[in-house]
Amino acid sequence: MSSVLTLDDVHVRYGGAHVLQGVSFEVPDTGVTALLGRNGVGKTTTLKAVLGLAPRTGGIRLRDRDITGEPVHRVVAGGIGYVPEDREVFGGLTVEENLRLVGRTSGVDAPIVEELFPDLVGRRSQRAGTLSGGQQQMVALARVLLRDNDLLLVDEPTKGLAPKLVTEVADVLARVARTTPVLLVEQNLALVRRIADTVVVLDAGKVVHRGEARALVEDPALTTELLGVSMRREEVA
Amino acid sequence: MSDLVLVLVTGLGLGALYFLAASGLSLVYGLMGVLNFAHGSFMTAGAYAAWLTMDALPGSMAVGLRLLVAAVVAVLVGAAVGVLAEAVLIRPLYRHHIQQVLVTVGLSLASVAAVQGIWGSDPHPVAKPALLAGTVEVLGARLPVDRFLYLAVALALYGGLLALLERTRLGLVIRAGVENRTMVQALGIDVRRTFTVVFGLGGAVAALAGVLYSQYAGTVSPLQGGSLLIYAFIVVVIGGMGSLTGTAVAAMAVGLVQQLANYYAASGIGDLSVVLLLALVLLLRPSSLKGAAA
Amino acid sequence: MSARTLLRVLPPVVLLALLAYLPYLSFSVPGVLPGRVNGPGSMQLLATCLVFAGFALSYDVVFGRTGLLSFGHALFIAAGSYLLTVSLADWSMPLPLAVLVALGGTTLLALVVGAVALRVGGIAFAMVTLAFAQAASIIVLRDPAGVTGGEEGKALARDAVPELLVGVANAPYRYWLALGFLVVALVLVRLLVRSRAGHAMAAVRENESRAAVLGLSVYRVKLLALVVGSFLGGLGGVVHALVLGGSGPHLTTAEFTLSLLVMVVLGGAGSTWGAVVGGFLYHYADARLTEASGSGVLDALPGVLQSVLAQPLFVLGAFFVVVVYFAPSGLTGLGGRLVRKGVRT
């Protein structure tokens, strides 16, 4: 199986803190790869390192292209879509403007928006800052899907969402993953079990486990050892 | 009554000049987080470029036409200086806001000194078209015509900038960038190119402000830009750091307060009351002044 | 006293002794000082340089130590200077009382301005302090109460000052006064930096939100830094007025505040010696460059370049930009780096 993204001995240092200490893994070019780990082990930093939002050293390749030295906007324009933690939609801009920012031809009327996020169509003139958390998440997802991507980086898309919305977001991600590989940071293990194929587990800035998603999630001893939690029955996805 | 009308119109005219001086500053600050001390130098560059152009044009040309040509030259010079300053001095210090401020401080000190060295510290008179030097009678008050020109230019600029921000792709990127520069880049947009454009735009507007202010003062001098800059700072802070409409309202308020106080209290009190106004705004609503971009 | 402490204490003491001894040296150093070392010209120049070193030190408490980008520090230096000269001349106070009024008034002013300006942070704070200083500048220039002397400035009332500090022949005493001020400022700043308040200031500079989490009142720490810096600045203003025989409106200008910033950054922000060296060298260069440009050094250059380079502020401003780029820790930081490099190789 070929990989879409390769990290080779990636380090990130913020001031005195050595946040990533030689992270190496590959993201297969199909399906969802879940990046797991306890809080503060460097999951978000890993995504930011790929994008160039964090100062990184080491090797990062998108397919055959070395993107380690590229500025953020070129990495993204080169085919990596990013849905950040906490959505980061532009609150002062309307839904339509948020989507138009991505490209001239995009906007609420793009077919993919009507298909995946029908709720947004009627809210085109609403300021994104006044949307609910779930709706903001839809905007954050929609604006990356308006472009063709080789890979999506999605950071905790279900954080703080109600169960019904968690299911909706999971459905969207599962749909997207049919055509575009996704690297997903997620705490909700039920969701990981439902949509992820592969897992990479980080601890203290290093990769400590790689393997099939199902094998990890269904092994309570292993999940407790690696993540400090095991899946609870009542969790939804 | 006629005195009041004169004071009000003069206040608004001055407010218009403050708006011209502050709008570029506010735009640059809002988008890039750069407090540009060299903005005063951009104004000086515009004023001197216009003065030199007017002198170089044949005296047989009408003064108004010469002023028009000079203003166009000044705006081009201002834009070029702005783009150059951003590309050479500001961009390499991306993300180091304090250093960026320091560099603009150095630039402003050096450029004022350079202007003094080349053209001397004394003010030079600038020609004023007869039309602008005249007065019109409104409500029994004889009002200088130039005040209306400043207001018209400020109004046109406000409308133009608003249209730019609301109706163009550049404006969309600017508004998004004011909210969250990093996320704009993370959507694949080269925000740094926008920085250069905005700096150039700021330089052009500053140069225009410099030209009109030298018309108001009747002279060009090396320190003019710096003294106008201080009012521009006050206006930007009162206006909410980076908001165009806030800047416009604040500029008018500052111009009016200054003129009213100067007339009804004592000459010189106007400048102080402007600072008092600033202190009052800070005390009453400090939260709105945190700035659009931290 | 251990050898280590001795090694740390000895150089400043030797330097101080050397500086204190300068008025007894009667040879001249051509090109470096105007006339004899203990001649009135050199003494006056050196005294002013020492006062500027103290100014820079006082500003560094605010900017370098606490990270507050204040553009209003000139306000407090001018307040000290003008309150002294006005108290002496117009309110007929004896010198000790006038000094107290100057220092008390400056401190009070710093409290009021700080309390308002510190309601905003970062760049907005810079703009607000600039505005306040500008207001003061306007008051001094317009002189509504008829006490500041407007553009002419305010002369020191000579009969209210001890004779030792007046007159050309007494330049060495004014030099010692300036040296004394710098030593007092240095000692106070060193004590402050090592105190709990000093640590709190450093914490606020490094990371405001973390300092707040540690239970520090960020607002109070900043206000303290501003008041202490202003007090030292006011003291410097008093000494400046005594050394130069009056107060001038240039002390109130935004340009002067900006030059303080330039001094501190040139020398090295957040380091005691950096500020001292920066202030001293800045004034020295400002004074000597003016002289150099009049001496015909630049005659070989084309006209425009000559007239631009003849402006000390152009040279200093351009040099400042270069330092910001290539030596962000200032001249002393650069010097330290070179020394360490030399030791290593």
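Since every read-out is calculated from the coordinates, none of them should be taken as a lab result. Every value quoted in this text rests on a predicted model; they were computed, and no experiment measured them. Here the Cβ positions follow ideal geometry from the backbone for every residue, glycine too, while neighbour counts run over all protein chains shown.
Determine, for C:W91, B:W51, the number of other Cβ atoms within 10 Å of each Cβ, and report the residues in order from fewest to most.
If I rank by nearby Cβ atoms, fewest first, I get C:W91, B:W51.
Relative contact order for segment B:13-223 using alpha-carbon pairs under 8 Å, separation at least 6, rounded to a whole percent?
Relative contact order of segment B:13-223: 44 percent.
Per-residue Cβ counts within 10 Å, from other chains only, averaged over C:129-141: what number is that?
5
When the dipole is taken about the Cα centre of segment C:40-290, and only Lys, Arg (+1) and Asp, Glu (-1) are charged at their Cβ, what size is it in debye, to the nearest 20?
800 debye
Between the alpha-carbon centers of segment C:143-194 and segment A:17-79, tell me the distance in whole angstrom.
Taking the Cα centre of each part, segment C:143-194 and segment A:17-79 sit 61 Å apart.
Would you work out which of C:A131, C:F256, C:A98 lies farthest towards the positive end of the dipole of the protein assembly as shown, given +1 charges on the beta-carbon of Lys and Arg and -1 on that of Asp and Glu, about the Cα centre?
Among C:A131, C:F256, C:A98, the one farthest towards the positive end of the dipole of the protein assembly as shown is C:A98.
Calculate the translational D of segment C:40-290 in whole µm² s⁻¹ from Stokes-Einstein, where the hydrodynamic radius comes from the Kirkwood formula applied to all Cα pairs, the temperature is 4 °C and the viscosity 1.567 mPa s.
72 µm²/s
Counting other beta carbons within 10 Å of each residue's own, what order do C:H73, C:H240 fall into, fewest first?
C:H240, C:H73
With viscosity set to 1.002 mPa s at 20 °C, what whole-number translational diffusion coefficient in µm²/s follows for segment B:13-223 from Stokes-Einstein and a Kirkwood radius over Cα pairs?
119 µm²/s
Using the number of other C-beta atoms within 10 angstrom as an exposure proxy, rank A:K48, A:K206 with the fewest first.
Going from sparsest to densest Cβ surroundings: A:K206, A:K48.
I'd like the distance separating the alpha-carbon centroids of segment B:178-203 and segment C:248-268, in whole Å.
Centre-to-centre (Cα) distance: 32 Å.
Have a look at A:T46, C:H240, C:A202 and report the one farthest towards the positive end of the charge dipole of the protein assembly as shown, computed about the Cα centre with Cβ charges (Lys/Arg +1, Asp/Glu -1).
Checked the options; the winner is C:A202.
Most mobile of B:G117, B:G242, B:G177 per a Gaussian network model of chain B (Cα springs, under 10 Å)?
Highest fluctuation among the options: B:G117.
Output ³J(HN,Hα) for segment A:34-50: one whole-Hz value per residue in order, computed from phi by the Karplus curve 6.51 cos²θ - 1.76 cosθ + 1.60 with θ = phi - 60°, and x for Gly and Pro.
9, 9, 10, x, 5, 4, x, 8, x, 5, 4, 4, 4, 4, 5, 5, 4
Measure out, as a whole number of angstrom, how far apart the alpha-carbon centroids of segment A:122-158 and segment C:43-104 sit.
57 Å
Calculated FRET efficiency, C:V112 and B:S60, Cβ-Cβ r, R0 51 Å, to nearest 0.05?
E(calc), rounded to 0.05, equals 0.30.
To the nearest 0.05, what FRET efficiency results for C:Q306 and C:L141 with a Förster distance of 30 Å applied to their C-beta separation?
0.40
Relative to a virtual label point 7 Å from the Cα of C:V168 in the Cα→beta-carbon direction, which members of segment C:241-267 show backbone nitrogen distances below 19 Å?
C:243-246
Can you find, among C:V140, B:G78, B:A62, the residue farthest towards the positive end of the dipole of the protein assembly as shown? Put +1 on the C-beta of Lys and Arg, -1 on that of Asp and Glu.
The residue sitting farthest along the positive end of the dipole is C:V140.
For the protein assembly as shown, give me the percentage of DSSP beta bridges that are antiparallel, rounded to the nearest 5 percent.
Around 65 percent of the beta bridges assigned by DSSP in the protein assembly as shown are antiparallel ones.
How shielded is A:66-77 by partner chains, expressed as the average number of their Cβ atoms within 10 Å of its Cβ atoms?
3
Could you pull out every residue, at least 5 positions away or on a different chain, whose amide H is within less than 5 Å of the one on A:V4? Hs are placed 1.01 Å off N in the peptide plane, and Pro or chain starts have none.
A:V27, A:D29
Let me know the charge dipole size of segment C:107-238 about its Cα centre in debye, to the nearest 20, where only the beta-carbon of Lys, Arg (+1) and Asp, Glu (-1) is charged.
For segment C:107-238, the charge dipole is close to 600 debye.
Defining a contact as two alpha carbons under 8 Å apart and six or more residues distant in sequence, what relative contact order in percent does segment C:40-290 show?
Value for segment C:40-290: 43 percent.
Can you show me the helix-derived [θ] at 222 nm for chain C, built from DSSP H runs with n ≥ 4 at -39,500 (n - 2.57) apiece and divided by the number of residues, rounded to the nearest 500.
-24000 deg cm²/dmol
If you place +1 on the Cβ of every Lys and Arg, -1 on the Cβ of every Asp and Glu, and leave all else neutral, what size is the dipole of the protein assembly as shown about its Cα centre, to the nearest 20 Debye?
The calculation lands at about 1300 debye.
Pairs of Cα atoms under 8 Å, at least six residues apart: use those to get the relative contact order of chain A, whole percent.
After rounding, I find 26 percent.
Looking at the protein assembly as shown, I'd like the Rg to Rh ratio, where Rg is from alpha-carbon atoms and Rh is Kirkwood's inverse mean 1/r.
Taking Rg over the Kirkwood Rh, I get 1.02.
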